[in-house]
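K.L.:
One structure, as structure tokens, below. Some questions next.
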Amino acid sequence: MATYEVFLKKDGKDEFRHAGALDAANAELALVMARESYARRAEGNLMWVVDRNDIVASDESFLQPNADKPHRHHDGKAVAARRKELREKQDNRDARENQS
């Protein structure tokens with residue numbers, strides 16, 4: 001007996017969503033059981049049934065290098081603060097030049 005993960009996709013641009021898991025003797029039986037268990041009410045028009053042993057999963061350390069990229073995920077506050085700082089420096093320079 002193997003455990004299979006079931007994914008359904010509705011018509012259109014929606015992505016596949018995990019619907020659940022089930023145990024079955026083989027892939028063909030898993031497909032039939034998934035249809036009967038997860039697609040009875042037309043929850044989707046496409047279905048993936050994947051043996052859990054065939055799923056390759058990473059641990060947190062694998063994705064860690066991508067976590068430290070603040071330039072990709074910001075709200076603009078750092079850029080606004082830097083621009084304000086530069087404007088103030090320029091204003092101070094201009095004020096000093098006008099005094100002389």
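K.L.:
Among the residues of the range 40-65, which ones are closer than 20 Å to ALA2 by Cβ and surrounded by 14 or more Cβ atoms within 10 Å (Cβ to Cβ)?
P.N.:
Step one: list which residues in the range 40-65 are closer than 20 Å to ALA2 by Cβ, which gives 47-57.
Within the range 40-65, MET47, TRP48, VAL49, VAL50, ASP51 qualify.
K.L.:
Does ARG17 meet the test of being of a type outside the set (Phe, Trp, Tyr) and free of Cβ contacts under 8 Å to residues at least 40 places away in the same chain?
P.N.:
Yes.
K.L.:
Could I ask something else about it? What are the residues in the range 46-77 that are at pLDDT 80 or above, more than 30 Å from GLU28 (Cα to Cα) and among the basic types (Lys, Arg), if any? Spell out the reasoning first.
P.N.:
Looking only at the range 46-77, we keep the residues that are at pLDDT 80 or above, and these are 46-62, 77.
Filter again for more than 30 Å from GLU28 (Cα to Cα), leaving 59-62, 77.
Within the range 46-77, just LYS77 meets the criteria.
K.L.:
Going by the structure shown, is MET33 outside any helix (DSSP H, G or I) and surrounded by 13 or more Cβ atoms within 10 Å (Cβ to Cβ)? First the steps, then the outcome.
P.N.:
Details: outside any helix (DSSP H, G or I): no; surrounded by 13 or more Cβ atoms within 10 Å (Cβ to Cβ): yes.
Considered against the rule, which asks whether it is outside any helix (DSSP H, G or I) and surrounded by 13 or more Cβ atoms within 10 Å (Cβ to Cβ), MET33 comes out as no.
The values are calculated or read from the model by the stated rules, or taken from the named source; none is laboratory data. If you're wondering where the values come from, they're calculated on a predicted model, not measured in any experiment. Backbone-built Cβ (ideal geometry, glycine too); neighbour counts: all protein chains shown.
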